[in-house]
Amino acid sequence: MIYDFIVIDPDSDAPLWMQIYQGMTEALERQMIGPSDRLPSIRDLSEGLDISRSPVENAYVHLQLDGFIESRPKSGYFALKRPKESRGGPPLKPDGSKYSILYDLTSTGIDSKTADIPVWRKHLRAALNMQDKIISGGDPQGEAELRDALVRYCFEARKVKASADRIVISSGTQQLLTELCRMMGKVGTVAIEHPGYAQGERIFRDFGWKVEYIGNAGELPGKQLSGQKYGLFADITSNRPQMSLSKISKRRKDLIDWAEENYSYILEDDYNGELRYLSRSVPSLQGTCPERVIYIGSFSRLLLPSVRIAYMVVPHDLAETARIKSSLYDQTSSKIEQLALAEYIRDGHLERHIRRSRKTYQVKSKEMLSALNEVFKDKAECRLLETSLCAAVTIKTDADEGALFGSAVSGGVMVDQLFCSSEGSYTANLSFAGIPLEKIRPAIVALGSAWHQYVR
């Protein structure tokens, strides 16, 4: 089947749509998909790959723009008779493409000014000189030096209560979720709020868990959780808009009461929780109820996307299982990078680096919100998702994802996945992390022009 040509790597930094694009272009180049062959529908391909429709639709839009396929009314998608030579994926300015991307608003990078490369390089060199340590294999649960450093760091930064034996280190969130599923043993149902949990849903389903949506991230989940015996509730902090302290307190109380009453767990994915720069920093939920909350943190956006280190703090009753299960599998995170990060944290560099990053992203977030409000005025709801380094823009439209993606690309703007918020509304998370400050306003102007015909 055509699905066999597409390999979805959940650990890859490449967006899902780009992985689909690359699989298709390689199959076209190698004639595994022949000229004029009919391609699967968006629905069939999304079901075959077990992913949402948005990345499939986005990939098909780019394949059409780059001349690989065509859409025939009431017939579907077909390979063109003379497909262009594959270039290993859609570059930002593809040769011969009808459009070139001028502004990248996807969440794949960080601001180059925040990269602490000279100091990080110094600590990597120091780790390479630890010959007695690096000549042996890594600790499956994570290097003791880093786990010890994290005990103090995550308490000071996020009030997470941990001990070294309750910390598990891996190369990313999805690897940690795999470890978690092994620890939990029996399968159950995980409750997730819209717009969902792209990093985790596939892992849970692969292990036999049922995923159930229970409302939107900006709402209070207490009513939906009441009386329900979910095994896990996924609290994705980067999905939530800014909330008042009273609403945050009510939300936290409802979650903890539910977890304790049902002997269930809360998964707190505290993505970039240290990077709050506009709203008042709120301590982690784990610090309030460490025996019912499983905490996940990572460093790919705090430090460098290429540094693949994430950590999980598990409750006491899972700690012994964590040691046993971890010992059965190889460590996926570099031992050298773990040792370097331990010293980087202990020397105070991470704390100083975060302070500098906050200032940079605070300026960029204000610029993006100002530009959005100026361009879209009252035709869009714009709100900041601080820890995601994104602004969420919700528009009312009769257009579908394909039209919105296509018009954005034709205007030179690359955006991430679009989420269907409700009937007639779509939300786009626009990242200001990687785009230079001076390009933010022109990017929003270009996006506003591209979507002007669709916004109502």
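Read the figures in this text as sums done on the coordinates, not as results from a lab. No experiment lies behind these values; they were computed from the predicted model shown. Cβ placement follows ideal geometry from the backbone for every residue including glycine, while neighbour counts extend to all protein chains displayed.
Points worth noting:
- Dipole of the chain [Lys/Arg +1, Asp/Glu -1 at C-beta], most positive-end residue of 440, 58, 344: 440
- Pairwise label distance in nanometres, residue 148 with residue 362, each label 7 Å out on the Cα-Cβ vector: 3.5
- Full-extension gain in nm, residue 244 to residue 346, via 0.36 nm per residue minus C-alpha separation: 33.3 nm
- Global form of segment 139-295, assessed from the alpha-carbon gyration tensor, a/c cut-off 1.5: oblate
- Over 25 Å (Cα to Cα) - which of 113/366; 223/247; 247/377; 247/364; 379/439; 210/335 fall in this group: 247/377; 247/364; 210/335
- Where the alpha-carbon atoms of segment 352-451 are placed on the principal axes, they occupy 46, 25, 23 Å, in descending order.
- Looking at the chain, the DSSP beta bridges with both ends there are about 60 percent antiparallel.
- Gain upon complete extension [residue 410, residue 7; 0.36 nm per residue less C-alpha separation]: 142.3 nm
- Helix 437-451 axis, angle to the chain major axis (alpha carbon atoms, nearest 10°): 50
- Helix 245-262 vs. the chain, principal-axis angle (Cα, 0 to 90°, nearest 10): 70
- Spin-label pair residue 207/residue 131, simplified geometry with 7 Å Cα→Cβ offset, distance in nm: 4.1
- Labels on offer are (i) 36, 26, 24; (ii) 41, 35, 20; (iii) 42, 23, 20, and the one holding semi-axes √(5λ) of the Cα gyration tensor in Å computed from this structure is (i).
- With respect to the chain, whose longest principal axis is taken over its alpha-carbon atoms, helix 335-346 is tilted by about 70°.
- One chain, two ends: residue 75 and residue 437. Fully extended at 0.36 nm per residue, the span grows by 125.9 nm beyond their Cα-Cα distance.
- Protection proxy ranking, peptides 265-271, 107-113, 246-252, average beta carbon neighbours within 10 Å, highest first: 265-271, 107-113, 246-252
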